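So the structure is just underneath, and the comments pick up after that.
Readers should treat all values here as calculations from the given coordinates under stated rules, not as data from a laboratory. Just so we're clear, the structure is a prediction, and the values are computed from it rather than from any experiment. In this analysis, Cβ positions are derived from the backbone assuming ideal geometry, glycine residues included, and neighbour counts consider all displayed protein chains.
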Amino acid sequence: MNIQLIRNATLVIDYAGTRFLIDPFLAEKGTYPPFAGSLRQDQNNPLVDLPVDVQQLAQVDAVIVTHLHLDHYDARAAEVLAHDIPMFVQNETDAEKVRQDGFQNVTVLTENTAFEGISLSKTAGEHGRGDILQRLGQVCGVVFQHPDEATLYVAGDTVWYDGVQKALDTYKPQVIVVNGGDNQFLQGGSLVMGKEDIYEVFQAAPQATILSVHMEAVNHWTLSRDELRAYIEEKGMHGHVLVPEDGESYEL
Ligand SMILES: O=c1ccn([C@@H]2O[C@H](COP(=O)(O)O)[C@@H](O)[C@H]2O)c(=O)[nH]1
């Protein structure tokens, strides 16, 4: 497989001969106001440019949208992507919304979805802890499986909790993508994984290669790539946890 971080949680994944675009957040740098009630109220989102031409990102076989927060699916994505492209979403509510944007080939992921011979299994996620969970809403992850490939788990916008442990126990992925920017509002704690969550993933799946994405691209991030890299050294995770720059890709 080849995994390219585009920006934020947007990935291009070549898996068993099929090219997937994950969580398309395709606006130009600075298009949207900052998320209210969080750091960097002087900086518009996205904080950085796409590292590739947006038209190139439309050249995929399928799109997976883990949830409909703006920084995972935006108006620019709805404009740029072909409306007949196969699109996978977490539930019927999200399916209805993307259909209203014009997408005609929308499938709700289950634990047994198949596409081009690839098994796609929806996994659970928790977009924060405690009271804030209600506000942030439902999210999912997805596990990719194929006889010719290592198993890949894209965890989505989730913190470490027993649902992630369950996904690791069930699917035993060799490659794991976590959203690791420790995004937060001023109150309510982590919305996605921070460095301690990533350490939990590493301890639960010590043989896996873990990629941390969703970093430094939206105003409410609190964990920088440099801080995570230092923590990786400190905790002996070197070589196990990768921290890609935007545009960087890995053959795994
Ligand atoms: O009250 C709310 C509820 C949701 N949001 C959205 O939260 C996400 C946070 O970003 P993540 O990448 O999911 O961590 C963001 O897209 C907002 O649209 C909010 O801001 N306020």
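Look at the alpha carbon pairs under 8 Å that are at least 6 residues apart: their mean separation over the length of region 110-252 gives a relative contact order of 18 percent.
Near ALA77, within a Cβ-to-Cβ distance under 10 Å, what is the net charge of the other residues, with Lys and Arg +1 and Asp and Glu -1? Display every interim value, and only then the final one.
On the way: positive: ARG76; negative: ASP23, ASP74, GLU79, ASP101.
Counting the neighbours of ALA77, the net charge comes to -3.
Phi angles across region 206-216 convert, under the Karplus curve 6.51 cos²θ - 1.76 cosθ + 1.60 with θ = phi - 60°, into 3J(HN,Hα) values of x, 8, 7, 9, 10, 10, 9, 10, 6, 10, 6 Hz, Gly and Pro given as x.
Once the mean of 1/r is taken over each pair of separate Cα atoms and inverted, the chain shows a Kirkwood hydrodynamic radius of 17.9 Å. Whole-percent P(r), region 97-186, all Cα pairs, 10 Å bins from 0: 15, 42, 32, 11, 0. Note on LEU133 and ARG40: their simple-model spin labels are 2.8 nm apart, each label 7 Å out from Cα toward Cβ. In a reduced charge model with +1 at each Lys and Arg Cβ and -1 at each Asp and Glu Cβ, the chain shows a dipole moment near 320 debye about its Cα centre. In the chain, the DSSP-assigned H stretches of four residues or longer account for a calculated mean residue ellipticity at 222 nm of -5500 deg cm²/dmol, using -39500 (n - 2.57) per stretch and the full residue count as denominator. Taking other residues whose beta carbon is less than 15 angstrom from the beta carbon of HIS146, and scoring Lys, Arg as +1 and Asp, Glu as -1, yields -3.
The overall shape of region 42-154 is rounded: from the C-alpha gyration tensor, with semi-axes ordered a ≥ b ≥ c, the ratio a/c is less than 1.5.
Sort largest first and round to whole Å: the equivalent ellipsoid semi-axes of region 1-97, each the square root of five times a Cα gyration tensor eigenvalue. Mind dumping the intermediate values first?
Details: eigenvalues 108, 52, 28 Å².
Taking √(5λ) for each Cα gyration eigenvalue gives 23, 16, 12 Å.
With an a/c value of 1.5 or above and a/b not larger than b/c for the gyration tensor axes a ≥ b ≥ c computed over the alpha-carbon atoms, region 121-252 is described as oblate. The residues neighbouring ARG19, those whose beta-carbon lies less than 12 Å from its own, together hold a net charge of -3 under the Lys/Arg +1, Asp/Glu -1 convention. Each part gets one Cα centre, and for region 1-22 versus region 212-252 those centres are 17 Å apart. Mean separation of Cα pairs under 8 Å and 6 or more residues apart, divided by the residue count, gives region 184-238 a relative contact order of 35 percent.
Short-range pairs are left out: with C-alpha atoms under 8 Å and at least six residues apart, the relative contact order of region 11-105 is 28 percent.
Per the Cα gyration tensor, region 107-159 maps to an equivalent ellipsoid with semi-axes of 26, 11, 6 Å, ordered largest to smallest. Which whole-angstrom value gives the distance between the alpha carbon centres of region 161-198 and region 24-58? Their Cα centres are 22 Å away from one another.
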